[in-house]
Amino acid sequence: MAVKTEAVGKQWPPASFEVEAAKINQYANAVGEENPIYHDAEAARAAGFRDLVAPPMFCVVYSAPALGPAILDPEVGINLPVMVHGGQEFQWGEPVCAGDLITTTASCKEIYEQDGRGFYVFESVSTNQQGEETVRGIWTDIVRGV
Amino acid sequence: MSDFKQGDSLPELRVTPDAGLTKRYAEASGDPNPIHTDPEFAKSVGLPGVILHGLYSMAQVARAHTEAAAGDPRALKRLSVQFRGMGFPEQEIVVTTTVKEAGDGRLVTDTVAAQGDNRIIRNAEAELELD
């Protein structure tokens, strides 16, 4: 059985995420980010940010929802129970602050087979309410025994 | 900060995720996969127990970089990782970063995150811009 490649180039509808201060706090606490700029809006403003700022990897919180429909799409055909997250890349732009509205669009970049495993590569592009790019992600999922 | 040169190390980061971490990270990140939170489920799919979220471990690599840049999240321009070994709660993670290239206020680094001999992230490459 071979991987299906019809979904390469497909783009899914954008998903929006409202960045609340409480979500930034909760994320910063979970990953051990103790820098005051992630916990105190005044400290963030003093450091030159518009408001409470999010750690760079908070991008997974606001961009992952756009990836869900892509990974579950029958046209992509990922066998979910045997899927593993193989690799991840992010390129950051404008910092994300509390009060931002982030919109993320996901697309399928590549599907290929190597050594009996299927590689599914997705790209996500996230922008804020001003249209500025906040992050671009490359998500690689691997499925064994395709 | 801009004193880093090729071959230097960034300050090492050490963190030990406690037994409740994967649940807190699952709630904070919105990743509900029970292999990270339910020991019985994890065992039912052949794992020794719950495993860390790969993106949690990646966040530790990111944190090692922003802390090296005086805590400025704007310094981290790019981070690319490959997830290899599985990470486990209640074991110390050591994040070790080496400068591969340095020049014009910009560093390119190579990072390994390991629990003992188990390298959970390897070939991580980051770009850091420094004032």
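The values are calculated or read from the model by the stated rules, or taken from the named source; none is laboratory data. Being a predicted model, the structure only gives us computed values, none of them experimental. Cβ placement follows ideal geometry from the backbone for every residue including glycine, while neighbour counts extend to all protein chains displayed.
The table for this structure:
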read-out	value
Identity of the residue in segment A:11-25, assigned to a helix (DSSP H, G or I) and in contact (Cβ under 8 Å) with a residue 60 or more places away in the chain, that ends up farthest from the other protein chains (Cβ to nearest Cβ)	A:Ala21
Residue among B:Val99, B:Val108 that alone is among the β-branched types (Val, Ile, Thr), surrounded by fewer than 20 Cβ atoms within 10 Å (Cβ to Cβ) and touching a residue at least 24 places away in the same chain (Cβ under 8 Å)	B:Val99
In segment B:103-126, the residues that are modelled with pLDDT under 95, touching a Ser or Thr at 6+ places or on another chain (Cβ under 9 Å), closer than 21 Å to B:Phe4 by Cα and assigned to a strand (DSSP E or B)	B:Asn123
Of residues in segment A:22-35 being over 22 Å from A:Gln88 (Cβ atoms) and crowded, with 16+ Cβ neighbours inside 10 Å, the one nearest to the chain's Cα centre (by Cα)	A:Asn25
Residue check for A:Gly68: within 14 Å of chain B (Cβ to nearest Cβ) and more than 24 Å from B:Ala69 (Cα to Cα)	yes
Residues within segment B:34-61 that are free of Cβ contacts under 8 Å to residues at least 24 places away in the same chain and within 8 Å of chain A (Cβ to nearest Cβ), tallied	2
Residues (among the β-branched types (Val, Ile, Thr) and part of a helix (DSSP H, G or I)) located in segment B:19-52	B:Thr22, B:Ile35
From A:Glu94, A:Glu123, residue being under 17 Å from the mean Cα position of the chain (by Cα), surrounded by 16 or more Cβ atoms within 10 Å (Cβ to Cβ), closer than 15 Å to A:Ala7 by Cβ and among the acidic types (Asp, Glu)	A:Glu123
Qualifying residues in segment B:69-80 (those that are at the interface with chain A (Cβ under 7 Å from one of its Cβ atoms) and crowded, with 20+ Cβ neighbours inside 10 Å) - the one nearest to B:Glu92 (Cα to Cα)	B:Leu79
Looking only at segment A:38-59, and only at residues there that are facing another protein chain (nearest Cβ under 10 Å) and without any contact (Cβ under 8 Å) to a residue 24 or more places away in the chain, the one that is surrounded by the most Cβ atoms within 10 Å (Cβ to Cβ)	A:Tyr38
Residues within segment B:43-65 that are touching a Gly at 6+ places or on another chain (Cβ under 9 Å) and closer than 15 Å to B:Ile121 by Cα, tallied	9
Conditions (1) in a helix (DSSP H, G or I); (2) β-branched (Val, Ile, Thr); (3) more than 8 Å from chain A (Cβ to nearest Cβ); number of the one not met by B:Thr66	(3)
Sole exception among (1) of a type outside the set (D, E, K, R); (2) closer than 18 Å to B:Ala70 by Cβ; (3) in contact (Cβ under 8 Å) with a residue 60 or more places away in the chain for A:Ala28, by number	(3)
